[in-house]
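In what follows, a single structure is set out as C-alpha coordinates and then discussed.
The values are calculated or read from the model by the stated rules, or taken from the named source; none is laboratory data. Every value quoted in this text rests on a predicted model; they were computed, and no experiment measured them. Methodologically, a virtual Cβ is constructed for each residue, glycine included, from the backbone with ideal geometry; neighbour enumeration extends over all protein chains shown. These area figures cover heavy atoms from the full protein model, side chains too; ligands, DNA and RNA do not enter into them. Shrake-Rupley method; radii C 1.70, N 1.55, O 1.52, S 1.80 Å.
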Amino acid sequence: MNILGINAYHGNASAAIVCDGQLIAAVEEERFNRVKYAAGFPAAAIRYCLTEAGITLADVHHVAVPRNPYARLGTKLFYAMKMPSFARERAKVLAKFTGIPEALAAAFDVDPKSLAAKFHRIEHHQAHLASSFFVSPFERAALLSADGLGDFASTMWGVGTGNQMRIEGSIAFPHSLGLFYSAVTQYLGFLKFGDEYKVMGLAAYGQPDHMEALRDIVHFDKRGGENGFKLELKYFTHHRSGPEMSWADADKTPTLGRMFSEEMAKKMGPARNPDEPLDARHHNLAASLQARLEEVYLGMLKKLAQSTGLKAVCLAGGVAFNCVANGKIFDETPFEQVYVHPAAGDAGLAVGAAYYVWHQILRKPRSFVMENAYWGPGYSREQVRRAIDANGLAQNGFSVVELPEPELPRRTAQIISEGKILGWFQGRAEWGPRALGNRSIVADPRRPEMKEILNRRIKHREIFRPFAPSILAEEAGNYFEKSHPSPFMTLAYAVRPEMRDKIPAPTHIDGTGRLQTVTRDANPRYHALISAFRDLTGVPVVLNTSFNDNEPIVCRPEEALDCFRRTQMDALVLGDFLITKS
(Lines give C-alpha, C1' and ligand atoms only; values in the text may rest on other atoms or scores of the structure.)
Protein backbone atom coordinates (compact mmCIF):
# COMPACT_ATOMS: atom_id res chain seq x y z
CA MET A 1 0.00 0.00 0.00
CA ASN A 2 1.63 3.21 -1.19
CA ILE A 3 0.34 6.62 -0.04
CA LEU A 4 1.60 9.87 -1.55
CA GLY A 5 1.18 13.03 0.56
CA ILE A 6 1.25 16.35 -1.30
CA ASN A 7 1.30 19.87 0.17
CA ALA A 8 0.66 22.02 -2.91
CA TYR A 9 -0.25 25.65 -3.66
CA HIS A 10 0.73 26.64 -0.15
CA GLY A 11 3.94 27.80 1.50
CA ASN A 12 6.60 25.10 1.92
CA ALA A 13 5.23 22.91 -0.87
CA SER A 14 6.36 19.36 -0.21
CA ALA A 15 5.79 15.66 -0.81
CA ALA A 16 6.11 12.45 1.18
CA ILE A 17 5.68 8.76 0.42
CA VAL A 18 4.49 6.17 2.94
CA CYS A 19 4.73 2.50 1.94
CA ASP A 20 3.01 -0.10 4.13
CA GLY A 21 3.04 2.34 7.02
CA GLN A 22 6.75 3.21 6.75
CA LEU A 23 7.91 6.68 5.76
CA ILE A 24 10.30 6.27 2.84
CA ALA A 25 10.96 9.86 1.80
CA ALA A 26 9.86 13.43 2.52
CA VAL A 27 11.22 16.66 1.08
CA GLU A 28 10.33 20.28 0.36
CA GLU A 29 10.19 21.58 -3.20
CA GLU A 30 12.57 24.43 -2.27
CA ARG A 31 15.45 21.96 -2.03
CA PHE A 32 15.15 21.36 -5.78
CA ASN A 33 14.03 24.70 -7.27
CA ARG A 34 16.16 26.73 -4.80
CA VAL A 35 13.31 29.15 -4.00
CA LYS A 36 12.90 29.81 -0.28
CA TYR A 37 9.52 28.59 1.08
CA ALA A 38 8.48 27.67 -2.48
CA ALA A 39 4.76 27.15 -3.00
CA GLY A 40 3.16 25.96 -6.24
CA PHE A 41 3.02 22.28 -7.21
CA PRO A 42 5.91 20.16 -5.82
CA ALA A 43 6.61 18.15 -8.98
CA ALA A 44 10.33 17.62 -8.27
CA ALA A 45 9.64 16.59 -4.67
CA ILE A 46 7.07 14.04 -5.83
CA ARG A 47 9.44 12.60 -8.43
CA TYR A 48 12.15 12.22 -5.81
CA CYS A 49 9.79 10.47 -3.38
CA LEU A 50 8.62 7.95 -5.95
CA THR A 51 12.18 7.29 -7.10
CA GLU A 52 13.35 6.76 -3.52
CA ALA A 53 10.48 4.32 -2.96
CA GLY A 54 11.31 2.49 -6.20
CA ILE A 55 7.78 2.88 -7.56
CA THR A 56 6.00 4.72 -10.34
CA LEU A 57 2.90 6.87 -10.26
CA ALA A 58 0.90 3.83 -11.34
CA ASP A 59 1.92 2.09 -8.08
CA VAL A 60 0.40 4.80 -5.86
CA HIS A 61 -2.84 3.63 -4.25
CA HIS A 62 -3.82 6.80 -2.37
CA VAL A 63 -2.99 10.49 -2.75
CA ALA A 64 -3.53 12.62 0.37
CA VAL A 65 -3.90 16.40 0.05
CA PRO A 66 -4.08 18.53 3.25
CA ARG A 67 -6.88 20.80 2.12
CA ASN A 68 -10.62 20.28 2.55
CA PRO A 69 -12.73 22.92 0.75
CA TYR A 70 -15.84 21.81 2.63
CA ALA A 71 -14.39 22.39 6.12
CA ARG A 72 -16.12 25.37 7.82
CA LEU A 73 -18.03 26.05 4.64
CA GLY A 74 -20.48 28.35 6.41
CA THR A 75 -17.68 30.54 7.77
CA LYS A 76 -16.04 30.65 4.36
CA LEU A 77 -19.27 31.72 2.66
CA PHE A 78 -19.87 34.40 5.31
CA TYR A 79 -16.46 35.98 4.76
CA ALA A 80 -16.73 35.52 1.00
CA MET A 81 -19.72 37.87 1.06
CA LYS A 82 -17.85 40.34 3.29
CA MET A 83 -14.60 40.20 1.26
CA PRO A 84 -15.43 39.50 -2.39
CA SER A 85 -11.93 40.31 -3.69
CA PHE A 86 -10.35 37.92 -1.20
CA ALA A 87 -12.94 35.30 -2.12
CA ARG A 88 -12.00 35.60 -5.78
CA GLU A 89 -8.31 35.06 -5.00
CA ARG A 90 -9.09 32.06 -2.81
CA ALA A 91 -11.29 30.67 -5.57
CA LYS A 92 -8.32 30.75 -7.93
CA VAL A 93 -6.22 28.79 -5.45
CA LEU A 94 -9.08 26.37 -4.83
CA ALA A 95 -9.32 25.78 -8.57
CA LYS A 96 -5.68 24.75 -8.53
CA PHE A 97 -6.38 22.35 -5.65
CA THR A 98 -9.22 20.71 -7.54
CA GLY A 99 -6.81 20.32 -10.45
CA ILE A 100 -4.17 18.40 -8.49
CA PRO A 101 -4.89 15.10 -10.33
CA GLU A 102 -4.31 16.90 -13.63
CA ALA A 103 -1.15 18.60 -12.32
CA LEU A 104 0.15 15.27 -11.06
CA ALA A 105 -0.53 13.60 -14.39
CA ALA A 106 1.11 16.48 -16.27
CA ALA A 107 4.25 16.24 -14.10
CA PHE A 108 4.66 12.62 -15.22
CA ASP A 109 3.33 13.12 -18.74
CA VAL A 110 0.48 10.65 -18.39
CA ASP A 111 -3.23 10.78 -19.04
CA PRO A 112 -5.13 11.92 -15.89
CA LYS A 113 -7.66 9.18 -16.59
CA SER A 114 -4.92 6.60 -16.13
CA LEU A 115 -4.39 7.51 -12.47
CA ALA A 116 -5.64 4.64 -10.35
CA ALA A 117 -5.03 6.30 -6.98
CA LYS A 118 -7.86 7.41 -4.75
CA PHE A 119 -7.62 11.10 -3.79
CA HIS A 120 -8.36 12.24 -0.22
CA ARG A 121 -8.97 15.79 1.06
CA ILE A 122 -7.71 16.04 4.64
CA GLU A 123 -8.48 19.08 6.76
CA HIS A 124 -5.41 21.26 7.30
CA HIS A 125 -5.11 21.04 11.09
CA GLN A 126 -6.06 17.37 11.25
CA ALA A 127 -3.12 16.75 8.91
CA HIS A 128 -0.92 18.82 11.25
CA LEU A 129 -2.00 16.77 14.26
CA ALA A 130 -1.52 13.51 12.35
CA SER A 131 1.98 14.61 11.29
CA SER A 132 3.06 14.71 14.92
CA PHE A 133 1.04 12.07 16.76
CA PHE A 134 1.13 9.23 14.26
CA VAL A 135 4.95 9.35 14.01
CA SER A 136 5.54 9.99 17.72
CA PRO A 137 6.61 7.33 20.23
CA PHE A 138 3.43 7.84 22.28
CA GLU A 139 0.55 5.39 22.37
CA ARG A 140 -1.65 8.09 23.89
CA ALA A 141 -1.11 11.85 23.90
CA ALA A 142 -2.76 15.26 23.94
CA LEU A 143 -2.59 17.06 20.61
CA LEU A 144 -2.30 20.75 19.69
CA SER A 145 -1.86 22.45 16.34
CA ALA A 146 -1.54 26.24 16.04
CA ASP A 147 -0.53 28.35 13.06
CA GLY A 148 -1.68 31.26 10.92
CA LEU A 149 -4.57 29.84 8.95
CA GLY A 150 -5.59 26.63 7.21
CA ASP A 151 -9.08 25.64 6.04
CA PHE A 152 -10.30 28.75 7.88
CA ALA A 153 -9.03 27.56 11.25
CA SER A 154 -5.93 28.57 13.17
CA THR A 155 -5.90 26.15 16.09
CA MET A 156 -7.08 22.62 16.83
CA TRP A 157 -6.68 20.26 19.77
CA GLY A 158 -7.64 16.75 20.71
CA VAL A 159 -6.42 13.37 21.94
CA GLY A 160 -4.61 10.63 20.08
CA THR A 161 -4.96 7.00 21.10
CA GLY A 162 -3.33 4.20 19.12
CA ASN A 163 -4.18 4.67 15.46
CA GLN A 164 -6.99 7.20 15.93
CA MET A 165 -7.34 10.88 16.82
CA ARG A 166 -10.33 12.52 18.47
CA ILE A 167 -10.75 16.25 17.81
CA GLU A 168 -12.05 18.12 20.85
CA GLY A 169 -12.03 21.73 19.70
CA SER A 170 -10.77 24.36 17.29
CA ILE A 171 -10.55 28.12 16.79
CA ALA A 172 -11.72 29.54 13.49
CA PHE A 173 -10.78 32.55 11.37
CA PRO A 174 -10.23 35.43 12.06
CA HIS A 175 -8.69 34.58 15.46
CA SER A 176 -5.16 33.25 15.14
CA LEU A 177 -2.01 33.15 17.26
CA GLY A 178 0.05 32.75 14.12
CA LEU A 179 -1.46 35.83 12.45
CA PHE A 180 -1.06 37.77 15.71
CA TYR A 181 2.67 36.96 15.80
CA SER A 182 3.02 37.70 12.07
CA ALA A 183 1.23 41.04 12.33
CA VAL A 184 3.45 42.28 15.17
CA THR A 185 6.49 40.91 13.31
CA GLN A 186 5.50 43.14 10.38
CA TYR A 187 4.89 46.06 12.74
CA LEU A 188 8.48 45.61 13.92
CA GLY A 189 9.69 45.99 10.32
CA PHE A 190 10.30 42.35 9.40
CA LEU A 191 8.19 42.00 6.28
CA LYS A 192 9.43 38.84 4.56
CA PHE A 193 7.49 35.60 4.67
CA GLY A 194 8.89 33.49 7.52
CA ASP A 195 10.55 36.33 9.46
CA GLU A 196 8.84 35.38 12.73
CA TYR A 197 11.84 33.34 13.89
CA LYS A 198 13.98 36.48 13.66
CA VAL A 199 11.74 38.28 16.14
CA MET A 200 11.90 35.28 18.48
CA GLY A 201 15.69 35.71 18.52
CA LEU A 202 15.42 39.48 18.94
CA ALA A 203 13.11 39.07 21.95
CA ALA A 204 15.98 37.90 24.14
CA TYR A 205 17.54 41.38 23.93
CA GLY A 206 14.58 43.21 25.48
CA GLN A 207 12.25 43.42 28.44
CA PRO A 208 8.50 42.71 28.14
CA ASP A 209 7.33 46.20 29.05
CA HIS A 210 4.36 46.32 26.63
CA MET A 211 2.37 43.48 28.15
CA GLU A 212 -0.73 45.53 28.97
CA ALA A 213 -1.02 46.63 25.34
CA LEU A 214 -0.51 43.14 23.95
CA ARG A 215 -3.00 41.62 26.39
CA ASP A 216 -5.52 44.01 24.92
CA ILE A 217 -4.57 42.93 21.39
CA VAL A 218 -4.99 39.20 22.07
CA HIS A 219 -7.34 38.08 24.85
CA PHE A 220 -7.14 34.89 26.87
CA ASP A 221 -9.06 33.27 29.73
CA LYS A 222 -12.41 35.00 30.33
CA ARG A 223 -12.14 37.46 27.44
CA GLY A 224 -10.72 34.81 25.15
CA GLY A 225 -13.41 32.19 25.64
CA GLU A 226 -13.50 29.05 27.71
CA ASN A 227 -10.96 27.08 25.70
CA GLY A 228 -8.96 29.58 23.72
CA PHE A 229 -8.20 33.14 22.76
CA LYS A 230 -9.60 36.00 20.70
CA LEU A 231 -7.96 38.82 18.81
CA GLU A 232 -9.08 42.40 19.33
CA LEU A 233 -9.75 42.76 15.64
CA LYS A 234 -9.46 46.54 15.36
CA TYR A 235 -5.68 46.10 15.48
CA PHE A 236 -5.67 43.84 12.38
CA THR A 237 -6.73 43.98 8.74
CA HIS A 238 -7.12 40.34 7.72
CA HIS A 239 -10.76 40.10 8.85
CA ARG A 240 -11.71 43.04 6.61
CA SER A 241 -9.70 42.42 3.44
CA GLY A 242 -8.54 38.86 3.96
CA PRO A 243 -4.93 37.81 4.54
CA GLU A 244 -3.16 38.71 1.31
CA MET A 245 -1.08 35.62 0.58
CA SER A 246 0.57 34.47 -2.63
CA TRP A 247 0.72 30.68 -2.71
CA ALA A 248 0.40 29.74 -6.34
CA ASP A 249 3.87 30.29 -7.82
CA ALA A 250 6.57 27.67 -7.30
CA ASP A 251 9.29 29.98 -8.61
CA LYS A 252 8.65 32.78 -6.12
CA THR A 253 8.93 33.06 -2.36
CA PRO A 254 5.41 33.55 -0.93
CA THR A 255 4.42 37.02 0.22
CA LEU A 256 2.06 38.36 2.85
CA GLY A 257 0.22 41.66 2.68
CA ARG A 258 0.16 44.05 5.60
CA MET A 259 -1.73 42.53 8.50
CA PHE A 260 -1.72 45.22 11.21
CA SER A 261 -3.93 48.30 11.24
CA GLU A 262 -3.18 51.89 12.19
CA GLU A 263 -4.74 51.15 15.59
CA MET A 264 -1.65 49.12 16.47
CA ALA A 265 0.56 52.15 15.89
CA LYS A 266 -1.78 54.28 17.99
CA LYS A 267 -1.53 51.70 20.76
CA MET A 268 2.22 51.07 20.77
CA GLY A 269 3.81 53.91 18.84
CA PRO A 270 4.94 54.18 15.22
CA ALA A 271 5.70 51.03 13.27
CA ARG A 272 9.35 50.46 12.43
CA ASN A 273 10.54 51.00 8.88
CA PRO A 274 12.59 47.99 7.69
CA ASP A 275 15.57 50.29 7.07
CA GLU A 276 15.36 51.86 10.52
CA PRO A 277 17.96 50.71 13.09
CA LEU A 278 16.69 48.53 15.90
CA ASP A 279 16.65 50.23 19.29
CA ALA A 280 15.63 49.35 22.84
CA ARG A 281 11.97 50.01 22.14
CA HIS A 282 11.95 47.44 19.34
CA HIS A 283 13.78 44.94 21.53
CA ASN A 284 11.19 45.41 24.27
CA LEU A 285 8.29 45.08 21.83
CA ALA A 286 9.75 41.81 20.55
CA ALA A 287 10.18 40.58 24.13
CA SER A 288 6.58 41.54 24.89
CA LEU A 289 5.29 39.77 21.79
CA GLN A 290 7.15 36.60 22.74
CA ALA A 291 5.95 36.81 26.35
CA ARG A 292 2.31 37.25 25.32
CA LEU A 293 2.52 34.35 22.89
CA GLU A 294 3.90 32.20 25.70
CA GLU A 295 1.12 33.25 28.08
CA VAL A 296 -1.55 32.18 25.61
CA TYR A 297 0.20 29.14 24.12
CA LEU A 298 1.32 27.72 27.45
CA GLY A 299 -2.05 28.64 28.95
CA MET A 300 -3.81 26.56 26.29
CA LEU A 301 -1.45 23.68 26.98
CA LYS A 302 -2.22 23.89 30.71
CA LYS A 303 -5.93 23.64 29.95
CA LEU A 304 -5.30 20.76 27.56
CA ALA A 305 -3.32 18.89 30.20
CA GLN A 306 -6.05 19.46 32.77
CA SER A 307 -8.87 18.39 30.46
CA THR A 308 -7.12 15.24 29.19
CA GLY A 309 -5.15 14.22 32.27
CA LEU A 310 -2.32 13.15 29.96
CA LYS A 311 1.40 13.66 30.48
CA ALA A 312 2.49 13.53 26.82
CA VAL A 313 1.73 16.12 24.16
CA CYS A 314 2.33 16.25 20.39
CA LEU A 315 2.70 19.65 18.73
CA ALA A 316 2.52 20.86 15.14
CA GLY A 317 1.71 23.99 13.15
CA GLY A 318 3.93 27.00 12.66
CA VAL A 319 3.61 28.13 16.29
CA ALA A 320 5.23 24.84 17.33
CA PHE A 321 8.47 26.16 15.82
CA ASN A 322 8.66 28.59 18.73
CA CYS A 323 11.40 26.67 20.51
CA VAL A 324 11.61 29.20 23.34
CA ALA A 325 7.98 28.59 24.31
CA ASN A 326 8.36 24.84 23.82
CA GLY A 327 11.30 24.75 26.19
CA LYS A 328 9.09 26.15 28.97
CA ILE A 329 6.41 23.46 28.67
CA PHE A 330 8.05 21.27 31.32
CA ASP A 331 8.08 24.07 33.92
CA GLU A 332 4.81 25.79 33.04
CA THR A 333 2.47 22.85 32.34
CA PRO A 334 1.86 19.34 33.72
CA PHE A 335 3.21 17.74 30.53
CA GLU A 336 6.31 15.59 31.03
CA GLN A 337 6.89 14.41 27.45
CA VAL A 338 6.84 16.54 24.29
CA TYR A 339 7.09 15.56 20.63
CA VAL A 340 7.35 18.22 17.93
CA HIS A 341 7.39 17.19 14.27
CA PRO A 342 10.69 18.31 12.65
CA ALA A 343 8.74 19.96 9.82
CA ALA A 344 6.07 21.34 12.14
CA GLY A 345 5.06 24.01 9.62
CA ASP A 346 3.16 23.46 6.42
CA ALA A 347 5.78 21.22 4.81
CA GLY A 348 4.87 18.61 7.43
CA LEU A 349 1.32 18.47 6.09
CA ALA A 350 2.50 16.07 3.37
CA VAL A 351 3.54 13.50 5.97
CA GLY A 352 0.50 14.22 8.13
CA ALA A 353 -1.99 13.80 5.30
CA ALA A 354 -0.43 10.48 4.26
CA TYR A 355 -0.50 9.08 7.80
CA TYR A 356 -4.03 10.36 8.33
CA VAL A 357 -5.13 8.17 5.42
CA TRP A 358 -3.10 5.17 6.64
CA HIS A 359 -4.35 5.28 10.23
CA GLN A 360 -7.46 7.42 10.60
CA ILE A 361 -9.17 6.35 7.34
CA LEU A 362 -7.76 2.90 6.60
CA ARG A 363 -7.39 2.14 10.34
CA LYS A 364 -4.03 0.44 9.92
CA PRO A 365 -1.97 -0.19 13.08
CA ARG A 366 0.99 2.02 13.89
CA SER A 367 4.47 0.65 13.23
CA PHE A 368 6.67 3.71 12.55
CA VAL A 369 8.33 6.27 14.81
CA MET A 370 10.16 9.27 13.33
CA GLU A 371 13.36 9.16 15.36
CA ASN A 372 15.45 11.10 12.86
CA ALA A 373 14.81 13.74 10.20
CA TYR A 374 16.92 12.35 7.35
CA TRP A 375 14.28 11.73 4.66
CA GLY A 376 15.60 13.86 1.80
CA PRO A 377 17.96 13.06 -1.08
CA GLY A 378 21.27 11.29 -0.49
CA TYR A 379 24.19 10.83 -2.89
CA SER A 380 26.58 7.96 -3.52
CA ARG A 381 30.37 8.11 -3.31
CA GLU A 382 30.52 8.06 -7.10
CA GLN A 383 28.13 11.02 -7.41
CA VAL A 384 30.15 12.99 -4.86
CA ARG A 385 33.41 12.16 -6.64
CA ARG A 386 31.99 13.28 -10.00
CA ALA A 387 30.83 16.57 -8.48
CA ILE A 388 34.30 17.19 -7.04
CA ASP A 389 36.01 16.38 -10.34
CA ALA A 390 33.62 18.57 -12.32
CA ASN A 391 34.31 21.49 -9.98
CA GLY A 392 38.00 21.46 -10.84
CA LEU A 393 39.11 21.72 -7.23
CA ALA A 394 42.44 19.95 -7.60
CA GLN A 395 43.36 22.22 -10.50
CA ASN A 396 42.59 25.37 -8.50
CA GLY A 397 44.73 24.91 -5.42
CA PHE A 398 42.36 22.90 -3.24
CA SER A 399 43.42 19.80 -1.35
CA VAL A 400 41.09 16.81 -1.77
CA VAL A 401 41.69 13.65 0.26
CA GLU A 402 39.48 10.63 0.93
CA LEU A 403 39.63 9.48 4.54
CA PRO A 404 38.56 6.23 6.21
CA GLU A 405 35.89 6.34 8.91
CA PRO A 406 38.09 6.35 12.05
CA GLU A 407 40.28 9.15 10.69
CA LEU A 408 37.57 11.38 9.17
CA PRO A 409 35.92 12.56 12.43
CA ARG A 410 39.31 12.99 14.13
CA ARG A 411 40.71 15.17 11.33
CA THR A 412 37.49 17.13 11.14
CA ALA A 413 37.38 17.72 14.90
CA GLN A 414 40.97 18.99 14.76
CA ILE A 415 40.05 21.52 12.06
CA ILE A 416 37.09 22.79 14.09
CA SER A 417 39.17 23.04 17.28
CA GLU A 418 41.60 25.33 15.45
CA GLY A 419 38.82 27.89 15.00
CA LYS A 420 38.16 27.08 11.35
CA ILE A 421 34.71 26.92 9.76
CA LEU A 422 33.72 23.62 8.21
CA GLY A 423 30.96 22.58 5.83
CA TRP A 424 29.58 19.13 6.71
CA PHE A 425 27.64 17.29 3.99
CA GLN A 426 26.58 13.71 4.74
CA GLY A 427 23.90 11.15 3.89
CA ARG A 428 20.30 12.14 3.23
CA ALA A 429 19.12 15.72 3.53
CA GLU A 430 17.10 16.79 6.55
CA TRP A 431 13.30 17.02 6.49
CA GLY A 432 12.21 20.40 7.79
CA PRO A 433 13.93 23.77 8.10
CA ARG A 434 16.70 22.78 10.53
CA ALA A 435 20.15 21.54 9.60
CA LEU A 436 20.69 18.56 11.88
CA GLY A 437 24.16 17.31 11.04
CA ASN A 438 23.81 16.24 7.40
CA ARG A 439 23.71 19.66 5.70
CA SER A 440 25.41 21.75 8.39
CA ILE A 441 28.14 24.31 8.88
CA VAL A 442 30.05 23.38 12.02
CA ALA A 443 32.34 25.49 14.21
CA ASP A 444 33.98 25.68 17.63
CA PRO A 445 31.44 26.61 20.34
CA ARG A 446 34.16 27.66 22.81
CA ARG A 447 35.09 30.83 20.92
CA PRO A 448 32.94 33.89 21.78
CA GLU A 449 33.92 35.57 18.50
CA MET A 450 32.68 32.66 16.36
CA LYS A 451 29.15 34.05 16.03
CA GLU A 452 30.47 37.30 14.52
CA ILE A 453 32.92 35.43 12.30
CA LEU A 454 30.20 33.20 10.88
CA ASN A 455 27.94 36.14 10.17
CA ARG A 456 30.67 38.18 8.54
CA ARG A 457 32.25 35.44 6.47
CA ILE A 458 29.36 33.17 5.50
CA LYS A 459 25.83 33.73 6.80
CA HIS A 460 25.48 37.51 6.26
CA ARG A 461 22.48 37.77 8.55
CA GLU A 462 21.28 39.84 11.52
CA ILE A 463 23.77 39.74 14.39
CA PHE A 464 21.03 39.21 16.99
CA ARG A 465 20.08 35.80 15.61
CA PRO A 466 21.57 32.90 17.59
CA PHE A 467 23.34 29.79 16.37
CA ALA A 468 22.53 26.34 17.71
CA PRO A 469 24.49 23.84 19.80
CA SER A 470 24.57 20.19 18.75
CA ILE A 471 25.36 18.09 21.82
CA LEU A 472 25.82 14.40 22.47
CA ALA A 473 22.45 13.30 23.86
CA GLU A 474 24.09 11.54 26.79
CA GLU A 475 25.73 14.84 27.85
CA ALA A 476 22.69 17.14 27.58
CA GLY A 477 21.91 17.19 31.30
CA ASN A 478 25.47 18.21 32.11
CA TYR A 479 25.30 21.37 29.99
CA PHE A 480 21.60 22.28 30.02
CA GLU A 481 19.05 22.60 32.80
CA LYS A 482 16.78 20.16 30.95
CA SER A 483 17.73 16.84 29.40
CA HIS A 484 14.48 15.85 27.64
CA PRO A 485 15.48 14.86 24.07
CA SER A 486 15.48 17.60 21.44
CA PRO A 487 16.57 15.72 18.30
CA PHE A 488 14.96 18.20 15.88
CA MET A 489 16.13 21.48 17.44
CA THR A 490 12.58 22.42 18.48
CA LEU A 491 13.24 23.12 22.17
CA ALA A 492 15.35 25.80 23.83
CA TYR A 493 16.73 25.20 27.32
CA ALA A 494 18.77 27.31 29.70
CA VAL A 495 22.47 26.54 29.59
CA ARG A 496 23.76 25.76 33.07
CA PRO A 497 25.43 28.93 34.41
CA GLU A 498 28.72 27.17 35.04
CA MET A 499 28.81 25.94 31.42
CA ARG A 500 28.07 29.23 29.63
CA ASP A 501 31.72 30.22 29.46
CA LYS A 502 32.54 26.82 27.96
CA ILE A 503 30.12 27.20 25.02
CA PRO A 504 29.63 30.97 24.59
CA ALA A 505 29.21 30.95 20.80
CA PRO A 506 25.86 29.07 20.64
CA THR A 507 24.59 30.41 24.00
CA HIS A 508 22.05 33.17 23.35
CA ILE A 509 22.13 36.47 25.22
CA ASP A 510 19.40 35.21 27.59
CA GLY A 511 21.49 32.17 28.54
CA THR A 512 19.54 29.65 26.47
CA GLY A 513 20.39 27.42 23.55
CA ARG A 514 18.17 25.88 20.85
CA LEU A 515 19.87 22.55 21.18
CA GLN A 516 19.97 19.43 19.05
CA THR A 517 20.54 16.24 21.04
CA VAL A 518 22.50 13.80 18.86
CA THR A 519 22.37 10.05 19.34
CA ARG A 520 24.59 7.41 17.76
CA ASP A 521 21.52 5.55 16.44
CA ALA A 522 20.04 8.58 14.68
CA ASN A 523 23.26 9.92 13.14
CA PRO A 524 26.36 7.80 13.80
CA ARG A 525 28.79 9.93 11.78
CA TYR A 526 27.72 13.25 13.33
CA HIS A 527 27.83 11.62 16.76
CA ALA A 528 31.35 10.42 15.97
CA LEU A 529 32.41 13.95 14.96
CA ILE A 530 31.10 15.49 18.20
CA SER A 531 32.64 12.65 20.21
CA ALA A 532 36.01 13.28 18.56
CA PHE A 533 35.70 16.99 19.35
CA ARG A 534 34.93 16.08 22.98
CA ASP A 535 37.94 13.79 23.16
CA LEU A 536 40.12 16.61 21.83
CA THR A 537 38.71 19.54 23.82
CA GLY A 538 36.65 18.12 26.68
CA VAL A 539 33.50 19.79 25.26
CA PRO A 540 30.78 17.47 23.80
CA VAL A 541 29.21 20.28 21.76
CA VAL A 542 29.71 21.83 18.34
CA LEU A 543 28.15 24.99 16.96
CA ASN A 544 25.75 24.04 14.17
CA THR A 545 24.11 26.24 11.56
CA SER A 546 22.50 25.48 8.23
CA PHE A 547 24.67 24.93 5.16
CA ASN A 548 23.56 27.90 3.07
CA ASP A 549 24.01 31.61 2.50
CA ASN A 550 20.62 33.38 2.19
CA GLU A 551 19.18 30.52 0.15
CA PRO A 552 17.50 27.17 0.85
CA ILE A 553 19.77 24.67 2.62
CA VAL A 554 22.05 22.96 0.12
CA CYS A 555 20.74 19.64 -1.16
CA ARG A 556 23.14 18.36 -3.84
CA PRO A 557 26.94 18.03 -3.67
CA GLU A 558 27.23 20.64 -6.42
CA GLU A 559 25.38 23.21 -4.24
CA ALA A 560 27.60 22.43 -1.27
CA LEU A 561 30.70 22.97 -3.39
CA ASP A 562 29.33 26.22 -4.77
CA CYS A 563 28.53 27.57 -1.29
CA PHE A 564 31.96 26.44 -0.07
CA ARG A 565 33.79 28.23 -2.87
CA ARG A 566 31.88 31.53 -2.78
CA THR A 567 32.04 31.97 0.98
CA GLN A 568 34.97 32.08 3.39
CA MET A 569 34.54 28.54 4.64
CA ASP A 570 37.87 26.92 5.49
CA ALA A 571 37.12 23.27 4.82
CA LEU A 572 34.40 20.97 3.55
CA VAL A 573 33.67 17.35 4.33
CA LEU A 574 31.67 15.94 1.43
CA GLY A 575 30.86 12.33 2.25
CA ASP A 576 34.25 10.69 2.81
CA PHE A 577 36.20 13.52 1.13
CA LEU A 578 37.94 16.30 3.05
CA ILE A 579 38.46 19.43 0.96
CA THR A 580 40.58 22.30 2.25
CA LYS A 581 41.51 25.69 0.83
CA SER A 582 45.12 26.76 0.54
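Worth pointing out:
- Residues within segment 362-389 that are outside any loop (DSSP other than H, G, I, E, B), open to solvent by 40 Å² or more (accessible area, probe 1.4 Å) and over 18 Å from Leu578 (Cβ atoms), tallied: 0
- Given (1) buried (at least 18 other Cβ atoms within 10 Å of the Cβ); (2) of a type in the set (Asp, Glu); (3) under 22 Å from Val324 (Cα atoms), number of the condition Glu481 does not satisfy: (1)
- For segment 116-143, the tally of residues that are in a strand (DSSP E or B), of a type in the set (A, V, I, L, M) and surrounded by fewer than 24 Cβ atoms within 10 Å (Cβ to Cβ) stands at 0.
- Residue count for segment 173-194 satisfying the condition of being within 18 Å of the chain's Cα centre (by Cα), within 21 Å of Arg461 (Cβ to Cβ) and open to solvent by less than 10 Å² (accessible area, probe 1.4 Å): 1.
- Enumerated strands (runs of 3 or more DSSP E) restricted to segment 535-581, each holding at least 2 residues that are of a type in the set (Val, Ile, Thr) and touching a residue at least 60 places away in the same chain (Cβ under 8 Å): 541-546, 577-580
- Counting only residues that are open to solvent by 10 Å² or more (accessible area, probe 1.4 Å) and closer than 17 Å to Arg556 by Cβ, segment 44-62 holds 5 of them.
- The set of residues from segment 262-318 being open to solvent by 10 Å² or more (accessible area, probe 1.4 Å), within 13 Å of Trp157 (Cβ to Cβ) and either among the acidic types (Asp, Glu) or assigned to a loop (DSSP other than H, G, I, E, B) (or both) comprises just one member, Leu310.
- Some residue of segment 492-512 being at positive phi, free of Cβ contacts under 8 Å to residues at least 24 places away in the same chain and either open to solvent by less than 30 Å² (accessible area, probe 1.4 Å) or aliphatic (A, V, I, L, M) (or both): yes
- Qualifying residue in segment 328-349 (condition: out of contact with any helix residue (DSSP H, G or I) (no Cβ under 7 Å at 6 or more places or on another chain) and part of a strand (DSSP E or B)): yes
- Residue match in segment 280-295 (condition: under 26 Å from the mean Cα position of the chain (by Cα) and modelled with pLDDT under 95): no
- Residues in segment 1-43 that are of a type in the set (S, T, N, Q) and either closer than 16 Å to Cys555 by Cα or out of contact with any helix residue (DSSP H, G or I) (no Cβ under 8 Å at 6 or more places or on another chain) (or both): Asn12, Ser14, Gln22, Asn33.
- Whether a residue is out of contact with any Leu (no Cβ under 8 Å at 6 or more places or on another chain), at pLDDT 95 or above, of a type outside the set (D, E, K, R) and not in a loop (DSSP other than H, G, I, E, B) was assessed, and Leu515 does not pass this test.
- For the condition closer than 30 Å to Asp195 by Cβ and without any contact (Cβ under 8 Å) to a residue 60 or more places away in the chain, Lys328 qualifies.
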